[in-house]
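> Below are the structure tokens for one structure; questions will follow.
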Amino acid sequence: MGQSITARAHTNIALIKYWGKQNPELIIPYNSSLSMTLDHFYTDTTVRFSTDLTADQISFNGAIADTKTSTQMSQFLDLIRKQAHLPLFAAVETINHVPNAAGLASSASGYAALAAAGSRAAGLELNDRDLSRLARRGSGSATRSIYGGFVEWQRGTNDLDSYAVPVQETVDWDIQMIAIVLNDRQKAIASRAGMANTVATSPYYPAWVETAQAAIPAMKAAIVKKDINLVGQLAEQSAMQMHATTLSAVPPFTYFEPETLQAIKVVQTLRQQGVSCYYTMDAGPNVKVICASQETPQILAALAPYFSPEQLLVAKPGPGVSYR
């Protein structure tokens, strides 16, 4: 019986978005991205390699994982087995405290936790950079969930130089997010398929890469200055520029739902009234509102006529990977 290791990783929301892979197998992105790790959403994963097993045993939220999830996670475990020279199957238990596949980046916390628990259970003692590289192979955004606070995923050009680095791990200023959970159903178009279609067909895609890359130093400067308005403006621009590429793909598609536009309208109205709040979205319908804690009650009150309290989740900057 091998050692059982449990790791916790928190999800993150990209402020400057990642959208599109130049190497789909290694998950090397076309542009760098920058995110904020969130305290409210996380995944706990326990891994144990054992001589008693004849196949990987993978459970997800207390039930046996479906075939697709099991296959993907076993392929990721193969990377760990190869690196550790460990010819053993593993028992994996994952508890996801994130609405699954609804644009809240559950794959980020999921693969970051699996990378951390799996590598340590296999006897590997990886530093944060190599852990970030490993997590990237499961899900691009997972590379950023190794760290807390604000994190940059440097795009790189190959497996060795594409990884995340901390920008500001301890966030000592007032910034948080309200996640508006509009829809916790499985997405009609998975992120990977959406990305591939956009890269292949959108005439705007080259401009996306250029503008996203240029936004990174501007966002880092805004974080250093603790300028929530500039952070919000840059994040909002990045989100809308990313979603513009999906609308210009062939065939065009969108992750927006009618409620998405309603949430955006509330944020825009509040801002016209002098409230510092901005919206961002990943590949899903859910809207995240960037704001300060002192203005959160007013924002929640404005959203209350349209969304139930259960749909409005307040999250602050969260920590990096930990072991339990």
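The values are calculated or read from the model by the stated rules, or taken from the named source; none is laboratory data. Note that the structure is predicted; figures quoted are calculated from it, not measured. Cβ atoms come from the backbone with ideal geometry, glycine included; neighbour counts cover every protein chain shown. Surface areas here come from the heavy atoms of the whole protein model, side chains and all, with no ligands, DNA or RNA. Shrake-Rupley method; radii C 1.70, N 1.55, O 1.52, S 1.80 Å.
> Quick one: Ala221 ticks every box in (1) more than 24 Å from His243 (Cα to Cα); (2) within 20 Å of the chain's Cα centre (by Cα); (3) not β-branched (Val, Ile, Thr) bar one, so which box is it?
The one condition Ala221 does not meet is (2).
> Looking for something small (Gly, Ala, Ser), free of Cβ contacts under 8 Å to residues at least 40 places away in the same chain and within 27 Å of Thr170 (Cβ to Cβ) - is there at least one such residue anywhere in the range 288-300? Write out each step before concluding.
Residues of the range 288-300 that are small (Gly, Ala, Ser), as a first pass: 292-293.
Then keep just the ones that are free of Cβ contacts under 8 Å to residues at least 40 places away in the same chain; that gives none.
Taking every residue of the range 288-300 in turn, none turns out to be small (Gly, Ala, Ser), free of Cβ contacts under 8 Å to residues at least 40 places away in the same chain and within 27 Å of Thr170 (Cβ to Cβ).
> Please return the ranges of strands (runs of 3 or more DSSP E) entirely within the range 147-221 where 1 or more residues are of a type in the set (Ser, Thr, Tyr) and surrounded by 17 or more Cβ atoms within 10 Å (Cβ to Cβ). Quick ask: steps written out before the conclusion?
Values: elements: 150-154, 163-168, 176-180.
Result: 163-168.
> What number of residues within the range 282-318 are part of a strand (DSSP E or B) and open to solvent by less than 10 Å² (accessible area, probe 1.4 Å)? Reasoning before the result, please.
Restricting attention to the range 282-318, the residues satisfying the condition of being part of a strand (DSSP E or B) are 287-291, 312-315, 317.
Keeping just the survivors that are open to solvent by less than 10 Å² (accessible area, probe 1.4 Å) gives 287-291, 315.
Selection size over the range 282-318: 6.
> Write out, first by first residue and then by second, each pair whose Cβ atoms fall under 7 Å of each other, whose residues are 6+ apart or on separate chains, and whose first residue, in the range 230-248, is over 14 Å from Thr211 (Cα atoms) while the second is among the hydroxyl-bearing types (Ser, Thr, Tyr) and assigned to a helix (DSSP H, G or I).
Thr246/Thr198
> Search the range 1-38 for residues being more than 16 Å from Trp153 (Cα to Cα) and of a type in the set (Ser, Thr, Tyr), and hand back the single one that is surrounded by the fewest Cβ atoms within 10 Å (Cβ to Cβ).
Once the filter is applied, the top-ranked residue is Ser4.
> Right, here's the next one. How many residues does the range 248-286 contain that are touching a Ser or Thr at 6+ places or on another chain (Cβ under 6 Å) and of a type in the set (A, V, I, L, M)?
Here the count works out to 3.
Here's the yes/no breakdown for (1) at pLDDT 95 or above; (2) open to solvent by 30 Å² or more (accessible area, probe 1.4 Å); (3) hydrophobic (A, V, I, L, M, F, W, C):
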{"residue": "Thr51", "(1), (2), (3)": "yes, yes, no"}
{"residue": "Ala55", "(1), (2), (3)": "yes, yes, yes"}
{"residue": "Asp66", "(1), (2), (3)": "no, yes, no"}
{"residue": "Thr71", "(1), (2), (3)": "yes, yes, no"}
{"residue": "Leu77", "(1), (2), (3)": "yes, no, yes"}
{"residue": "Ile80", "(1), (2), (3)": "yes, no, yes"}
{"residue": "Leu86", "(1), (2), (3)": "yes, yes, yes"}
{"residue": "Ala91", "(1), (2), (3)": "yes, no, yes"}
